[in-house]
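Take a look at the structure set out below.
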Amino acid sequence: MSEQALTEAALLERIALGEHTRQQFKRSFHSPDALAAELAAFANSGGGTLLIGVDDDGSIAGLSAADVRHLNQMLSNASSQHVRPPIHPSTENVPTRAGLVMVVTVPNG
């Protein structure tokens, strides 16, 4: 699979489109239930993308490597144990000047 990694410039273009039914910004998640709710909402409405590490106004807050490790664990738990049937989102970590942004793509489910 030769999927091209998302660049910071391409990420900024996506952020410039703002939030809409298929794209939401989140600074972070602290609860697997809240993350599961977002995943289920996207899966039930045609799929979508969560940009974690981005404030509601579109500014990049960024995540540390430790944040990303924690979020990956939470994402795994939320998508397999908090949602029925389980969903299988894909993730990509995009480095930016402000820190990492986790791009979580949720398939239509």
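Quick check, is residue 76 modelled with pLDDT under 95, among the hydroxyl-bearing types (Ser, Thr, Tyr) and part of a loop (DSSP other than H, G, I, E, B)? The answer is no for residue 76. Looking only at region 66-109, residues that are among the hydroxyl-bearing types (Ser, Thr, Tyr) and under 10 Å from the mean Cα position of the chain (by Cα) come to 3 in all. Would you mind stating whether residue 5 is within 14 Å of residue 106 (Cα to Cα) and either free of Cβ contacts under 8 Å to residues at least 12 places away in the same chain or touching a strand residue (DSSP E or B) at 6+ places or on another chain (Cβ under 8 Å) (or both)? Taking the combined requirement at face value, the residue does not satisfy it. In this entry, residue 3 is excluded by the filter for residues that are out of contact with any Pro (no Cβ under 8 Å at 6 or more places or on another chain), open to solvent by less than 60 Å² (accessible area, probe 1.4 Å), at pLDDT below 95 and of a type in the set (D, E, K, R).
Can you pull out the residues in region 13-30 that are in a helix (DSSP H, G or I) and surrounded by 14 or more Cβ atoms within 10 Å (Cβ to Cβ)? Of everything in region 13-30, those that are in a helix (DSSP H, G or I) and surrounded by 14 or more Cβ atoms within 10 Å (Cβ to Cβ) turn out to be 14, 15. Does residue 100 satisfy being in a helix (DSSP H, G or I) and surrounded by 15 or more Cβ atoms within 10 Å (Cβ to Cβ)? Considered against the rule, which asks whether it is in a helix (DSSP H, G or I) and surrounded by 15 or more Cβ atoms within 10 Å (Cβ to Cβ), residue 100 comes out as no. With respect to the stated conditions, residue 87 is in contact with a Gly (Cβ under 8 Å, 6 or more places away or on another chain), among the aliphatic types (A, V, I, L, M) and closer than 12 Å to residue 105 by Cα.
In this entry, residue 57 passes the filter for residues that are under 22 Å from residue 20 (Cβ atoms), at pLDDT 95 or above, of a type in the set (Asp, Glu) and open to solvent by 60 Å² or more (accessible area, probe 1.4 Å). Taking the conditions exactly as written (closer than 20 Å to residue 8 by Cα and open to solvent by 50 Å² or more (accessible area, probe 1.4 Å)), does residue 45 satisfy them or not? Criteria not met by residue 45.
Of all the listed residues (13, 19, 38, 8), the sole one being among the acidic types (Asp, Glu) and within 14 Å of residue 83 (Cβ to Cβ) is 38.
The values are calculated or read from the model by the stated rules, or taken from the named source; none is laboratory data. The structure displayed is predicted, hence computed values, not measured ones. Because the Cβ atoms are built from the backbone with ideal geometry, glycine has one as well, and the counts that use them run over all protein chains shown. Protein only, heavy atoms only, side chains kept; ligands, DNA and RNA dropped before computing areas. Shrake-Rupley method; radii C 1.70, N 1.55, O 1.52, S 1.80 Å.
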